[in-house]
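Student: There's a structure below that I have some questions on.
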Amino acid sequence: MIRRVEILKAWVVALTVFFVLPAKAQRRAVEKLGPAVNSPFDERYPCFSPDGSRLYFTRLYHPDNKGGGKDKGDVWYVELDEKGNPSPAKQLGGKVNNKSENQVLGFSPDGKKMYLAYKYGKNNGRSEGISVSKSKGRSWGAPSDLDFPTMKNDADQLNGSVSHDGKVMLLSMQSYGSYGAEDLYVSFFKNGKWSDPKNLGMTVNSGYQEMTPYLAADNKTLYFASNGHGGFGSYDIFKTERLDDSWTNWTKPQNLGEKVNSAGREYSYLIGPDGETAWYVSTTDSHGYGDIKRIKVQDIGPAPKQVAERAVLEANVEVPVKPEIVAVPTPVAVVETPEPATQPETPEVPAKPVRPVAEPAVPEGPKCNVLLRLRDETNGNDIAGAKVSVNGEVLTPTGSGAFLLSRETEGEIEVEAVADGYMVAHSSILVTKGKTERALALKPITVGSVVKLENVLFSRASDQFLKGSKEALNEVVRLMEENKDMVIEIGGHTDSNGTAKLKMKLSQDRADRVKRYLVEQGIEKRRVKAKGYGSNRPVASNKSEETRKLNRRVEFTILKK
């Protein structure tokens, strides 16, 4: 009997070694970078300098940021020694950081230009677009706007990266042709200029969010984060490969698996300077909210070819700021993690989008062909039975329910989409040469939905309509005529300039003016409420004109369907 017990114990030990040790080894494969890089705050968007000696990243809500504890992100950096060990993180000097959100997208190959998310406005404001800062000895100069022929982003955030050769910029934004929320776009540097961002297509982009794109040195392998392709958690990291030079033909995105992805959020994946390590951000088991971690590439799977190739700096190029590396002992300390309320709120859409089974073929012929799909704004699903007209011409859907727009020349076209149960949608779609895909998101008619009346404009400091406002309100009239039980509230809003009393009166006058027009068109008074909110409900900062104008608005809220 004793002998049988000993044998049983031996089996238990053997099974423990067999099952437990591999799990521990797997956990050890991911290296936490420790307090030299990570803090009790949120670290995001890692980016290496061209020579690999520095790691830049954005740190959110840190008390040392330019705007203090409410600052949405300053650029910080660490120096890396030959083994990849980091020195203590420092805040980037110069004029890159302000009181708004700051983020490094990438560099020119010689390290003399730093590309930054957003345009830098006056009074620490920001607006959609890209900026560039030039090195000045050991610091960076004031960012200037990077000129794009067309740049539009309807999302609350912008992120991306620049390729190793400095010729390709990948961006995550909601723009022309987005299939739902944020999509991935590509821009090319040719003849000293950046091209219009181009959507990467439906294989990569889902009806949800694709973010933090990174192109490996082979210029074919793309890594990105998404909550629209399924996975282990909120955002997972995926890999895909470009199949041709159209930049819309990709292999099916492949999840990097549980060695990288978890039940939390993983994003901002990139290959390290040694070509052997992958660095990324994870919220799982982190020191603060998001932490930067690294893992051996070989532990994940085969690395892309030429992934270790880096841009080579010529000997006479001065790389800004490289102080002496300082070893950091591991401290023993207790830190308080910020409460969830201080953590950044990234808009997120639940996963599991519905994707079409087959794409209709786009016929040869006109130089510009666009395949337009209509998607539900809330879940990314295709909308069936919709009607689409372009410049007044009603289109016939293809067999899959999409609409084919064919034109001989490039330019913007006006599209109107109507579907039962949805708001009427209007959009300007940029048509370019070749075969492209676009999506138009429609807002479902639900109680509580808020719709900004984009084209309802007033004369300065008055309630008098400007040209085109009545035409925009006629769409509201049509909506209410088609939905006989609908009750709405017209809300008037202003910026913070002037006295609170005058702003409240002006906002009420404008809301009343909109109501009067709707009633004059035959809508019953009882179905339209009007309320002025003054400057009490801003949707943006009032510190600059660029953002103040966003607060001067009229919108309606559906109170009853």
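The values are calculated or read from the model by the stated rules, or taken from the named source; none is laboratory data. Owing to the predicted nature of the structure, the values given are computational and were not obtained by experimental measurement. Glycine gets a Cβ as well: all are built from the backbone with ideal geometry, and neighbour counts include every protein chain shown.
Student: Is at least one residue of segment 455-470 of a type in the set (A, V, I, L, M), part of a loop (DSSP other than H, G, I, E, B) and under 13 Å from residue 515 (Cα atoms)?
Tutor: Step one: filter segment 455-470 for residues of a type in the set (A, V, I, L, M), giving 456-457, 461, 466.
Checking the rest, the ones that are also part of a loop (DSSP other than H, G, I, E, B) come to 456-457, 461, 466.
Checking the rest, the ones that are also under 13 Å from residue 515 (Cα atoms) come to 456.
For segment 455-470, residues of a type in the set (A, V, I, L, M), part of a loop (DSSP other than H, G, I, E, B) and under 13 Å from residue 515 (Cα atoms): present.
Student: So, one more: Regarding segment 379-396, can at least one residue be identified that is charged (D, E, K, R) and assigned to a loop (DSSP other than H, G, I, E, B)? Can you show your working first?
Tutor: The first filter runs over segment 379-396 and keeps only residues charged (D, E, K, R), leaving 382, 387, 393.
Add one more test, that the residue is assigned to a loop (DSSP other than H, G, I, E, B), and what stays is none.
No: segment 379-396 contains no residue that is charged (D, E, K, R) and assigned to a loop (DSSP other than H, G, I, E, B).
Student: Moving on to the next point. Here are some residues: 300, 295. Which one is modelled with pLDDT of 85 or more and either of a type in the set (Ser, Thr, Tyr) or crowded, with 17+ Cβ neighbours inside 10 Å (or both)? Break it down into steps so the answer makes sense when it comes.
Tutor: Values: 300 fails: modelled with pLDDT of 85 or more.
None of the other options fit; the residue is 295.
Student: Related question: Considering only segment 205-256, state which residues are farther than 21 Å from residue 176 by Cα, in a loop (DSSP other than H, G, I, E, B) and at pLDDT 90 or above.
Tutor: 216, 217, 218, 219, 220, 243, 244, 251, 252, 253, 256
Student: May I pose another question? Which one is modelled with the lowest pLDDT, of the residues in segment 98-157 that are among the aromatic types (Phe, Trp, Tyr) and either touching a Pro at 6+ places or on another chain (Cβ under 8 Å) or closer than 25 Å to residue 539 by Cα (or both)?
Tutor: Keep residues of segment 98-157 that are among the aromatic types (Phe, Trp, Tyr), which gives 107, 115, 118, 120, 140, 148.
Narrowing the set further to residues that are either touching a Pro at 6+ places or on another chain (Cβ under 8 Å) or closer than 25 Å to residue 539 by Cα (or both) leaves 107, 118, 120, 140, 148.
Working: 107: 96, 118: 90, 120: 87, 140: 92, 148: 81.
Out of the qualifying residues, it is 148.
Student: Please go through segment 512-532 and give me each residue that is closer than 17 Å to residue 553 by Cβ and among the acidic types (Asp, Glu), ordered by number.
Tutor: Of everything in segment 512-532, just one residue is closer than 17 Å to residue 553 by Cβ and among the acidic types (Asp, Glu), namely 512.
Student: While we're here: Do we find a residue being crowded, with 23+ Cβ neighbours inside 10 Å and free of Cβ contacts under 8 Å to residues at least 40 places away in the same chain anywhere in segment 252-260?
Tutor: Checking segment 252-260: not a single residue is crowded, with 23+ Cβ neighbours inside 10 Å and free of Cβ contacts under 8 Å to residues at least 40 places away in the same chain.
Student: Would you check if there is a residue in segment 123-132 being assigned by TED's automatic domain parsing to the domain that holds residue 194, surrounded by fewer than 21 Cβ atoms within 10 Å (Cβ to Cβ) and part of a helix (DSSP H, G or I)?
Tutor: yes
Student: Any chance segment 535-542 includes a residue that's touching a residue at least 60 places away in the same chain (Cβ under 8 Å), assigned to a loop (DSSP other than H, G, I, E, B) and not aromatic (Phe, Trp, Tyr)?
Tutor: Initial filter on segment 535-542 (touching a residue at least 60 places away in the same chain (Cβ under 8 Å)): 541.
Imposing the further condition that a residue be assigned to a loop (DSSP other than H, G, I, E, B) reduces the set to 541.
Going one step further and asking which of them are not aromatic (Phe, Trp, Tyr), we end up with 541.
Yes: one or more hits.
Student: Moving on to the next point. State whether the residues of segment 513-533 include one that is over 30 Å from residue 184 (Cβ atoms), part of a strand (DSSP E or B) and touching a Ser or Thr at 6+ places or on another chain (Cβ under 8 Å). Break it down stepwise before answering.
Tutor: Taking segment 513-533 as the starting set, the residues that turn out to be over 30 Å from residue 184 (Cβ atoms) are 513-533.
Still in the running and part of a strand (DSSP E or B): 528-532.
Now narrow it down to the ones that are touching a Ser or Thr at 6+ places or on another chain (Cβ under 8 Å): 532.
Yes, there is a match, as at least one residue in segment 513-533 is over 30 Å from residue 184 (Cβ atoms), part of a strand (DSSP E or B) and touching a Ser or Thr at 6+ places or on another chain (Cβ under 8 Å).
Student: I would also like to ask the following. So if I check each of 425, 461, which one is among the hydrophobic types (A, V, I, L, M, F, W, C) and either closer than 22 Å to residue 176 by Cα or at pLDDT 90 or above (or both)? It would help to see each step written out before you state the result.
Tutor: Values: 461 fails: either closer than 22 Å to residue 176 by Cα or at pLDDT 90 or above (or both).
One residue alone meets the criteria, 425.
Student: Looking at 514, 487, 476, 554 in this structure, which one is buried (at least 19 other Cβ atoms within 10 Å of the Cβ), at pLDDT 95 or above and within 29 Å of residue 419 (Cα to Cα)? Full working, then the answer.
Tutor: On the way: 487 fails: buried (at least 19 other Cβ atoms within 10 Å of the Cβ); 476 fails: at pLDDT 95 or above; 554 fails: at pLDDT 95 or above.
Sole residue among the options that is buried (at least 19 other Cβ atoms within 10 Å of the Cβ), at pLDDT 95 or above and within 29 Å of residue 419 (Cα to Cα): 514.
Student: Give the residue that is surrounded by the fewest Cβ atoms within 10 Å (Cβ to Cβ), with candidates limited to residues of segment 55-84 that are free of Cβ contacts under 8 Å to residues at least 60 places away in the same chain and farther than 21 Å from residue 158 by Cα.
Tutor: 83
Student: In segment 488-509, which residues are within 34 Å of the chain's Cα centre (by Cα) and touching a residue at least 40 places away in the same chain (Cβ under 8 Å)?
Tutor: Here is the first cut: in segment 488-509, the residues within 34 Å of the chain's Cα centre (by Cα) are 488-497, 503, 507.
Hits for segment 488-509 are 488, 489, 490, 491, 492, 493, 494, 495, 496, 497.
Student: Give the number of residues within segment 154-174 that are within 20 Å of residue 207 (Cβ to Cβ), surrounded by fewer than 23 Cβ atoms within 10 Å (Cβ to Cβ) and not aliphatic (A, V, I, L, M).
Tutor: Residues meeting the conditions: 5.
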